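Please read the structure below before turning to the comments.
The values are calculated or read from the model by the stated rules, or taken from the named source; none is laboratory data. Small disclaimer: the values here were computed from a predicted structure and weren't measured. As a convention, Cβ positions derive from the backbone with ideal geometry for all residues, glycine included, and neighbour counts pool all protein chains shown. The area values use the complete protein model at the heavy-atom level, side chains included, leaving out ligands, DNA and RNA. Shrake-Rupley method; radii C 1.70, N 1.55, O 1.52, S 1.80 Å.
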Amino acid sequence: MKKLVLIDGNNVVYRAFFALPLLSNSQGMYTNAVYGFTTMLLKAIEEEKPTHLLVAFDAGKTTFRHNTFKEYKGGRQKTPPELSQQLPFVYQLLDAMGIKRYDLDNYEADDIVGTLSKRAKDAGFSVSIITGDKDYLQLVEDHVNVSLIKKGISDTVVYDTEKVRERYGIDPEGVIDLKGLMGDASDNIPGVPGVGEKTAIKLLKQFGTVERVYEQLDEVSGKKLKESLETNHDQALMSKQIATIDRDSPVLITLDDCAYKNKVTPELTELFHELGFQSLLEKMDLPEEEKSPTENPSIEVMVVTHFSEDQLVSPSALIVEMLDENYHYGDILGFAVANKSGTYFIQTVNGLNDSLFCSWLADRSKEKIVHNGKQAEVALNWRGLKLNGVIFDVGLASYLIDPAEAGQDLASVAKKRGITDVETDDAFYGKGAKRVIPEGDGQAGHLGHKAAALFALKPILAGELKTNQQEQLLSDLEMPLSRVLARMEFTGVQTSGETLKAMGRELDATLEVIEKDIYELAGVSFNINSPKQLGEILFEKLMLPAIKKTKTGYSTAADVLEKLRGRHEIIDKILDFRQLGKLKSTYVEGLLKVINPKTGKVHTCYNQTLTQTGRLSSTDPNLQNIPIRLEEGRKIRKAFLPSEPGWQIFSADYSQIELRVLAHIADDAHLKQAFIDGLDIHTKTAMDVFGVEKNGVTALMRRHAKAVNFGIIYGISDYGLSQNLGITRKEAGRFIEKYLESYPGVRHYMEDIVKKAKKSGFVTTLLNRRRYLPEITSRNFNLRSFAERTAMNTPIQGSAADVIKKAMVIMDRRLAEEHLKSRMLLQVHDELIFEVPEEEIERMKVVVPEVMEHAITLKVPLKVECAYGPTWYDAK
DNA sequence: CCACACACGC
DNA sequence: GACGTACGTGTGTGGG
């Protein structure tokens with residue numbers, strides 16, 4: 001006989017939460033409700049041995065019952081965030097176990113259960129319902145029983161028709177009449193005042209139903225009772241109606257959909273590990289994890305020396321193997337392809353010489369699945385090859401699904417999804433200095449498994465993206481951007497080694513003088529670059545007051561030294577030495593090391609899957625932190641030139657993009673107006689915070705206001721602001737308070753986003769980029785506060801990143817459409833740098849701001865400022 | 001080899 | 001009252 005088990009998910013999770021202490025896993029995430037629910041679920045499966053299983057959930061706040069009675073479930077305590085945060089894991093758990101879950105707009109879990117139990121009974125199933133809610137007893141009938149959870153989570157009492165009669169003295173159908181008369185405080189159902197369980201049962205035993213009670217009201221004994229029944233006639237009927245479970249609700253799934261196979265998946269093991277459910281893991285008799293991936297017989301990797309047409313079918317997963325050294329210069333260690341025809345490995349030389357393979361790589365119509373395709377594309381470009389037809393990038397996808405887990409090895413991404421037969425590169429090649437490329441054909445197996453995993457991962461990740469509504473973010477933003485970045489990196493930026501060397505010589509001369517001065521002032525020579533030695537000199541030998549300490553000793557950081565200025569001549573010298581030393585080592589010497597001797601250019605690598613906010617990062621060299629604030633440093637920019645004679649460096653930057661994004665997201669009328677009116681935002685903030693007219697804003701006020709603005713977009717704390725401005729915490733607190741009074745929409749946003757993050761466990765940006773903040777419900781003040789500030793900051797910074805990324809994709813197309821020769825070279829978070837032929841300058845002055853300002857339409861205008869000159873330094 | 005302190009950018 | 005601005009990369013020091 002078929003057996004259907006129906007579980008009221010909300011009820012069981014809720015009971016588990018309150019029955020168990022607030023357990024948490026190693027990451028501080030609460031797990032007690034998930035744990036309790038899991039225990040219940042496993043017990044039910046073991047005892048009931050269901051062939052079909054479904055967990056029903058309540059859909060939302062309002063149901064059809066609210067149409068009849070708008071106070072339904074009124075006055076209920078809000079679900080604690082510690083509980084609601086666990087719900088997603090309950091869903092994940094069910095999905096991993098292959099158990100159907102279902103909710104239905106306007107209906108509650110009990111209606112779903114009622115409907116399916118009826119259908120199942122009619123189809124000849126036996127049905128067990130698991131819940132802690134007595135209301136369900138109304139569903140009991142032949143072949144349908146209810147397991148009512150008693151105190152705690154482990155005890156249940158099974159109610160069949162007989163048991164209901166025994167306990168209440170009425171038939172199961174009578175439960176709704178019971179409710180109609182006695183009401184239900186927990187659902188805010190009124191019933192008839194003065195009628196409790198005893199009286200209600202007595203009445204029902206005598207009359208049968210609520211309606212009958214009223215038909216024969218005269219026969220009711222007791223004057224008071226009669227009166228109360230009489231005056232509350234409508235209320236009693238309404239209460240009965242509300243308490244009635246709808247057994248014909250529009251449930252769209254079928255019984256077949258609920259078919260259940262007891263199977264332990266790798267996803268489940270992974271999830272249990274994540275949740276820290278060690279005891280359950282042991283209990284479940286899990287299969288041993290695959291230890292030696294190459295032993296997996298299901299993937300046979302064929303080593304080929306050239307490809308045939310029928311081996312390169314669409315879609316195919318493609319691995320272009322390189323180790324983590326710089327992909328502009330690194331070797332390709334082989335290729336692997338996986339598709340429905342099989343899994344193939346080809347050595348680099350053979351692949352590069354196989355014209356069929358090379359034209360397949362370049363063919364737009366041949367669909368490819370890759371992992372961080374930018375690397376492959378650039379590496380192929382350096383070999384004169386093209387890569388087209390990439391339809392899915394697993395690296396980018398996993399980054400969007402959870403930026404905290406991305407940027408990882410393909411093996412980790414796969415393992416998380418239950419594909420365990422891929423070795424990490426670290427494991428296969430060894431890590432650090434021990435890294436070697438194994439002899440023989442072991443590599444074919446490794447690459448083959450990677451390619452096969454890639455092929456298998458695509459539908460899984462696509463599904464996850466769909467759930468998160470991030471498909472467009474991948475297909476219309478990050479994947480096209482990957483192509484744009486590849487081109488920018490490959491194009492590179494012309495860099496004058498001579499200019500750098502000349503600057504280096506000057507720096508050397510100056511540094512030598514300063515160094516000598518410092519030794520003289522200190523009375524001894526020492527390593528100025530060693531904070532330890534420097535600390536000893538300053539705070540022990542020269543007896544300067546130590547303001548701040550670090551874990552390891554005295555702090556000699558710039559802000560500390562600033563405060564010691566004027567106390568000793570040596571301080572200024574040290575600050576100068578540090579500043580110039582940094583220029584010399586990082587910028588002059590550092591950049592010289594990475595200029596390509598053949599092209600005279602630097603070719604950065606953008607990491608598109610690293611930052612938690614959605615920004616890019618840049619390495620080898622980092623071209624996003626070239627000095628600009630201090631003139632000495634800024635001169636470094638003179639070394640960056642156009643790559644063609646007579647061209648110009650053209651720079652375009654967003655003005656106040658983050659504050660504009662804030663005005664948009666917070667939808668703050670006052671802040672929006674300020675931008676619409678084109679005001680100087682820091683002056684405007686000063687006017688609001690200090691309550692003065694424009695003419696009354698002093699330079700100091702503006703500086704303070706600017707710091708407040710800066711802090712606001714980073715999720716401010718009074719302490720942070722006080723440090724920044726050198727004022728007391730109280731004063732800083734007053735500034736913030738004043739600010740939030742002036743911009744109530746911003747205050748509301750800040751409070752709201754934290755609440756939302758607590759509820760859902762993540763925050764999102766304009767284009768639905770996500771960041772999870774598990775620590776936002778931590779009891780550790782430190783961790784929680786940090787997560788709260790992150791909740792405020794990430795949508796702002798991340799949305800700004802969305803805007804400029806979108807602008808880059810559009811800009812790239814626009815340059816092509818207009819047949820402009822100008823090239824996009826760099827992105828520095830809120831600015832784009834181009835090299836532009838003289839004759840295109842005027843056009844670019846129009847096109848670039850147009851594209852950037854309209855990349856995404858906000859409720860405030862975006863403003864872009866352009867500049868150009870013969871070097872990056874001059875584009876100011 | 002790694003953690004740390006420091007300094008550069010947005 | 002705790003802690004303590006966001007996000008990054010690179011360099012040099014110094015301990016294991």
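Descriptive notes on the structure:
- Between segment A:369-401 and segment A:681-729, the alpha-carbon center distance in angstrom: 45
- Global form of segment A:301-492, assessed from the alpha-carbon gyration tensor, a/c cut-off 1.5: rounded
- Given A:Lys49/A:Lys100; A:Lys730/A:Lys863; A:Lys61/A:Lys240, the pairs whose alpha carbons are separated by over 23 Å: A:Lys730/A:Lys863
- For the pair segment A:770-840 / segment A:428-495, the C-alpha centres are spaced 21 Å from each other.
- Equivalent ellipsoid semi-axes - Cα gyration tensor, segment A:721-788, angstrom: 25, 17, 11
- Averaged over residues, the count of other Cβ atoms within 10 Å places the peptides A:104-114, A:84-94, A:507-517 in the sequence A:104-114, A:84-94, A:507-517, highest first.
- Folded to 0 to 90 degrees: helix A:87-96 orientation relative to chain A principal axis, Cα: 90
- DSSP beta bridge pairing in segment A:110-226, given as percent antiparallel to the nearest 5: 55
- Between A:Gln206 and A:Thr467, full extension at 0.36 nm per residue minus the direct alpha carbon distance yields a gain of 88.6 nm.
- Alpha carbon Rg of segment A:175-218, scaled by the compact-globule rule 2.2 N^0.38 Å: 1.07
- Only Lys, Arg, Asp and Glu carry charge here, each on its Cβ (+1 for the first two, -1 for the last two); on that basis chain A has a dipole of about 2100 debye about its Cα centre.
- Area accessible to solvent at A:His143, 1.4 Å probe radius, in Å²: 110
- Whole-number accessible area per residue in Å² for segment A:301-492, which is evaluated in the context of all protein chains at 1.4 Å: 40
- A convex hull fitted to the Cα coordinates of segment A:795-876 yields 91 cubic angstrom per residue.
- Separation between Cα centres of segment A:546-617 and segment A:59-121, rounded to whole Å: 55
- In range of the label at A:Ala123: residues from segment A:41-68 whose backbone nitrogen is under 11 Å from the point 7 Å along Cα→Cβ: A:52-53
- Calculated on alpha-carbon atoms, Rg and Dmax of segment A:748-840 in Å: 18.8, 61
- Residues of segment A:669-742: accessible area per residue with a 1.4 Å probe, Å²: 54
- Rounded to the nearest 10 degrees, the inclination of helix A:781-817 to the longest alpha-carbon principal axis of chain A is 60 degrees.
- Looking at chain A, the DSSP beta bridges with both ends there are about 60 percent antiparallel.
- The accessible area of A:Ser525, taken with all protein chains in place and a 1.4 Å probe, comes to roughly 80 Å².
- The slack in the chain from A:Lys549 to A:Gln673, taken as 0.36 nm per residue of separation less the alpha-carbon distance, amounts to 40.1 nm.
- Straight Cα distances below 17 angstrom link A:Lys386 to the aspartates and glutamates A:Glu321, A:Asp331, A:Asp354, A:Asp363, A:Glu367, A:Glu377, A:Glu489, with same-chain residues fewer than 8 positions distant left out.
- Length added when fully stretched, A:Lys516-A:Glu737, from 0.36 nm per residue minus Cα-Cα: 74.6 nm
- Rounded tilt (10° steps) of A:233-243 against the dominant C-alpha axis of chain A: 60
- Estimated translational D of chain A in µm²/s (Stokes, Kirkwood radius over Cα pairs; 10 °C; 1.306 mPa s): 49
- Per-atom-type breakdown for chain A gives carbon and sulfur 50% of the accessible area (1.4 Å probe, protein chains only).
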